1. Which numbered condition trips up residue 163, out of (1) in a strand (DSSP E or B); (2) surrounded by fewer than 20 Cβ atoms within 10 Å (Cβ to Cβ)?
2. Scan segment 142-154 and tell me whether some residue there is under 22 Å from the mean Cα position of the chain (by Cα) and either within 13 Å of the ligand (Cβ to nearest atom) or charged (D, E, K, R) (or both).
3. Checking residue 272 against (1) touching a residue at least 60 places away in the same chain (Cβ under 8 Å); (2) within 23 Å of the chain's Cα centre (by Cα); (3) more than 15 Å from residue 331 (Cα to Cα), only one condition comes out false. Which one?
4. For residue 171, which of the numbered conditions (1) more than 15 Å from the ligand (Cβ to nearest atom); (2) part of a loop (DSSP other than H, G, I, E, B); (3) of a type in the set (A, V, I, L, M) fails to hold?
5. Looking at this structure, is residue 153 without any contact (Cβ under 8 Å) to a residue 60 or more places away in the chain and closer than 26 Å to residue 213 by Cα?
6. So how many residues does segment 417-436 have that are under 19 Å from the mean Cα position of the chain (by Cα) and either within 19 Å of residue 66 (Cβ to Cβ) or of a type in the set (Asp, Glu) (or both)?
7. State the number of residues belonging to segment 93-151 that are farther than 18 Å from residue 43 by Cβ and of a type in the set (A, V, I, L, M, F, W, C).
Amino acid sequence: MGVKSMGVVSGTGIALVVARRLQEGDIGGHLRNAFDAFPYPEMAERVWDAWYIEGGKREGKPYKPIPMVNFKLRPDVAELIVCANFVEVWLAKEGHSGPIGINYLEKIQAPRLPEILGAMIAGVDVVLMGAGIPHQVPGVLDSFAAYKPASYYLDVEGAESREFAMVLDPASIVPERFIERLSRPAFFAIASTNVLAQYLSDPRRTTGRVDGFIMEGPTAGGHNAPPRDRSKFNERGEPVYGEKDVVDLRKMRQLGMPFWVAGSYAHPEKLVEALAEGATGCQFGSIFALCQESGLRDDLKRETKRLAFSRQLDVVADPKSSPSGFPFNVVQLSGTMSDPNVTESRTRICDIGYLRHAYKTDRGTVAFRCPSEPVDTFVNRGGKIEDTVGRQCLCNGLMATVGLGQQHKWGQEPPIVTLGRNTDFIHDLIDNEQGCYSAMDALLYLLQEQLQTVGVRAVSKSRV
Ligand SMILES: Cc1cc2nc3c(=O)[nH]c(=O)nc-3n(C[C@H](O)[C@H](O)[C@H](O)COP(=O)(O)O)c2cc1C
């Protein structure tokens with residue numbers, strides 16, 4: 001049996017990550033190489049010049065504000081999004097011939113078209129999408145592969161379902177003479193129920209072909225689908241998942257489409273089990289979030305690893321914190337947004353806006369509001385005050401978590417750390433609290449059963 005692995009770029013908010021890395025002076029020069037590879041140099045230079053600061057911005061100075069992504073896309077914003085998605089996929093593909101995917105959240109729709117276009121220009125192999133019903137994505141991939149305009153209906157509160165369409169013509173961004181060919185990537189929908197997988201496997205329900213599914217359970221890091229029964233919470237305020245929320249793998253096999261399973265599978269035996277159940281493979285997140293190469297800020301990674309090693313790591317499925325309305329697995333860590341004192345001392349601000357919700361105004365236009373923005377602003381925009389309770393600014397928090405947090409007059413944006421509920425793998429990879437391991441160690445560990453057949457040795461513990 002062949003062993004194949006695929007790396008997945010987190011595409012959510014990637015334009016902001018790139019814009020800030022450029023303002024840090026492109027440490028290591030990786031972005032420069034990727035910008036040089038963009039097929040339309042004039043446009044790449046425009047984006048580079050708009051954001052790059054030689055030697056990096058002065059410490060303590062804030063990052064330049066990024067224009068918010070609205071219904072009508074500003075050309076400079078579209079160009080930044082295209083370039084950023086290109087750059088990150090290009091870098092992920094550098095130096096090997098393995099496949100690379102990119103994942104997005106269906107909830108964040110406004111940047112959808114330029115982000116997919118940018119990733120496709122870099123030759124992304126798979127687009128993955130969850131946190132919603134991504135039935136419009138296959139059609140976008142087909143249109144862009146034919147170098148034709150694509151459209152995407154925006155979910156707008158108070159509007160009909162097909163009232164507001166975003167449209168993007170690839171030729172308006174990159175003239176055709178600069179593009180040799182755009183291949184149609186595969187599309188994997190991230191789902192948490194058999195019902196959703198069944199629905200999306202029906203070509204009458206989607207705008208094109210879905211090629212596979214990632215079946216993600218509620219213990220996975222990041223956002224998770226809420227349980228079927230949304231009325232039950234445990235004493236810690238976490239949503240309670242029941243029997244009905246467990247994916248029936250027999251039904252998945254019956255669908256006859258490739259599927260991967262995700263959520264607490266980071267153990268060689270779990271992988272063997274999943275394969276025996278008919279899965280094509282597993283998707284892992286937490287084990288890579290804690291490896292040496294991950295972008296998680298060093299101090300946060302060190303402390304999270306220490307807690308995981310000493311079996312003190314506490315991860316809470318917080319149904320409130322994410323403005324998306326989806327439960328979000330939050331590591332309980334002092335100095336981060338999980339600490340009520342930290343949250344209270346933060347001044348609410350919405351200056352990134354990826355997780356804003358679209359709504360229809362009295363004038364019939366599309367506007368956006370975020371339950372994590374200042375309460376008065378949200379209410380003035382027609383939001384309900386109760387929706388603001390317990391909300392965190394994930395846009396700013398997650399940027400701080402990867403060391404790119406904004407500096408305000410009142411201080412630095414605090415981070416928020418997400419991880420899955422099971423970190424038992426740590427004991428197989430390190431043998432003391434300060435131990436560390438590489439992404440390759442993690443892969444060799446996870447794939448040890450499969451690799452044994454080709455004579456590759458299992459991972460050795462603790463590379464301090
Ligand atoms: C730090 C972190 C960030 C994640 N970000 C995303 C994301 O942006 N998009 C996504 O689809 N899944 C995301 N995930 C979920 C992973 O893709 C994966 O499904 C999950 O981590 C698997 O479960 P595990 O955490 O038990 O390994 C994230 C997971 C972690 C740990």
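1. (1)
2. Among the residues of segment 142-154, not one is under 22 Å from the mean Cα position of the chain (by Cα) and either within 13 Å of the ligand (Cβ to nearest atom) or charged (D, E, K, R) (or both), which makes the answer no.
3. Result: residue 272 passes all but (2).
4. Evaluating residue 171 over (1) more than 15 Å from the ligand (Cβ to nearest atom); (2) part of a loop (DSSP other than H, G, I, E, B); (3) of a type in the set (A, V, I, L, M) leaves (2) as the failure.
5. yes
6. Adding up the residues that qualify gives 0.
7. 18
This table checks each residue for (1) within 16 Å of the ligand (Cβ to nearest atom); (2) touching a residue at least 40 places away in the same chain (Cβ under 8 Å); (3) of a type in the set (A, V, I, L, M, F, W, C).
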site: 37; (1), (2), (3): no, yes, yes
site: 44; (1), (2), (3): no, no, yes
site: 53; (1), (2), (3): no, no, yes
site: 69; (1), (2), (3): no, yes, yes
site: 101; (1), (2), (3): yes, yes, no
site: 104; (1), (2), (3): yes, yes, no
site: 107; (1), (2), (3): yes, yes, no
site: 113; (1), (2), (3): no, yes, yes
site: 119; (1), (2), (3): yes, yes, yes
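The values are calculated or read from the model by the stated rules, or taken from the named source; none is laboratory data. Only a predicted model underlies this, so the values are computations on that prediction, with no experimental measurement involved. Neighbour counts are summed over all protein chains in view; Cβ atoms, including those assigned to glycine, are modelled from backbone coordinates with ideal geometry.
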